[in-house]
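Report on the structure given below.
The values are calculated or read from the model by the stated rules, or taken from the named source; none is laboratory data. All values reported here derive from a predicted model rather than from experimental measurement. Here the Cβ is made from the backbone with ideal geometry for all residues, glycine too, and neighbour counts use every protein chain on show. Please note that ligands, DNA and RNA were not included when accessible areas were found on the heavy atoms of the full protein model with its side chains. Shrake-Rupley method; radii C 1.70, N 1.55, O 1.52, S 1.80 Å.
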Amino acid sequence: MPERAKPAPSKVVDVVAGILMERRIFLVEERRANDEADPGYVEIPGGHVDPGETLEDALRRELKEELGIEVEKARLVQKSLAKATNGERQRIHYFHVEKWNGRIESKEAEQVYWESDVSNLSIVPDRRAVRRLLRVQTPDSN
């Protein structure tokens, strides 16, 4: 019996996500209903890393494009693999955005808002990253 060619594994793309927290609530975006990937999902803001771009530069660019803010201080807290609804395989690099400048506004999503319930996030990797941050924060920290 002839051997069948195995399908080439689909490429994994790098994505950054910025977790902004204030008093144990975190910023989320509701994706537009007509988005190609994950329409209507509630997720941590972020986006794709461009070729040749560092993760930190991608985070700064994406949060400027999506939220209109300047990231001043961020640290990597977790990496996770996920698959978007359009089939894209993603390696998500989650950053805790500890300091930023500017007024947060929704520039690309349906809406952005502060959320307190981790279970309202649509994808498991987002929930895990936020829970990790909540575990290390004291009740009085920002």
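Considering each residue of the stretch 87-99, count those that are modelled with pLDDT of 95 or more and surrounded by fewer than 16 Cβ atoms within 10 Å (Cβ to Cβ), and give that number.
Count: 4.
Could you list, in sequence order, all residues of the stretch 85-141 that are farther than 21 Å from ARG23 by Cα and of a type in the set (A, V, I, L, M)?
Of everything in the stretch 85-141, those that are farther than 21 Å from ARG23 by Cα and of a type in the set (A, V, I, L, M) turn out to be ILE92, ALA109, ILE123, VAL124.
Would you be able to say whether some residue in the stretch 53-62 is of a type in the set (Val, Ile, Thr), in contact with a strand residue (DSSP E or B) (Cβ under 7 Å, 6 or more places away or on another chain), over 23 Å from ARG131 (Cα atoms) and modelled with pLDDT of 95 or more?
No; the residues of the stretch 53-62 include none that is of a type in the set (Val, Ile, Thr), in contact with a strand residue (DSSP E or B) (Cβ under 7 Å, 6 or more places away or on another chain), over 23 Å from ARG131 (Cα atoms) and modelled with pLDDT of 95 or more.
Just the residues that are within 17 Å of LEU55 (Cβ to Cβ) and either open to solvent by 30 Å² or more (accessible area, probe 1.4 Å) or in contact with a His (Cβ under 7 Å, 6 or more places away or on another chain) (or both), please, taken from the stretch 100-127.
TRP100
Could you please give the count of residues in the stretch 44-56 that are open to solvent by 70 Å² or more (accessible area, probe 1.4 Å) and not in a loop (DSSP other than H, G, I, E, B)?
2
I'd like to check something: does the stretch 63-77 contain any residue that is touching a strand residue (DSSP E or B) at 6+ places or on another chain (Cβ under 7 Å), among the small types (Gly, Ala, Ser) and either open to solvent by 30 Å² or more (accessible area, probe 1.4 Å) or farther than 17 Å from ALA109 by Cβ (or both)?
Yes, because at least one residue in the stretch 63-77 is touching a strand residue (DSSP E or B) at 6+ places or on another chain (Cβ under 7 Å), among the small types (Gly, Ala, Ser) and either open to solvent by 30 Å² or more (accessible area, probe 1.4 Å) or farther than 17 Å from ALA109 by Cβ (or both).
What pairs come out if I take residues in the stretch 23-38 that are farther than 12 Å from ASN120 by Cα and pair them with residues that are in a loop (DSSP other than H, G, I, E, B) and open to solvent by 90 Å² or more (accessible area, probe 1.4 Å) whose C-beta lies under 8 Å away, six or more apart or interchain?
Hits for this filter: ARG23/ASN142; ARG24/PRO139; ARG31/GLU110; ARG32/GLU110; ALA33/GLU110.
Based on this model, can you work out whether ASN142 counts as on the phi < 0 side of the Ramachandran plot, among the polar types (S, T, N, Q) and at pLDDT 95 or above?
Numbers: on the phi < 0 side of the Ramachandran plot: yes; among the polar types (S, T, N, Q): yes; at pLDDT 95 or above: no.
Considered against the rule, which asks whether it is on the phi < 0 side of the Ramachandran plot, among the polar types (S, T, N, Q) and at pLDDT 95 or above, ASN142 comes out as no.
Condition first: free of Cβ contacts under 8 Å to residues at least 40 places away in the same chain and at negative phi. Now tell me which residues in the stretch 50-60 satisfy that.
Keep residues of the stretch 50-60 that are free of Cβ contacts under 8 Å to residues at least 40 places away in the same chain, which gives 50-54, 56-57, 60.
The answer is ASP50, PRO51, GLU53, THR54, GLU56, ASP57, ARG60.
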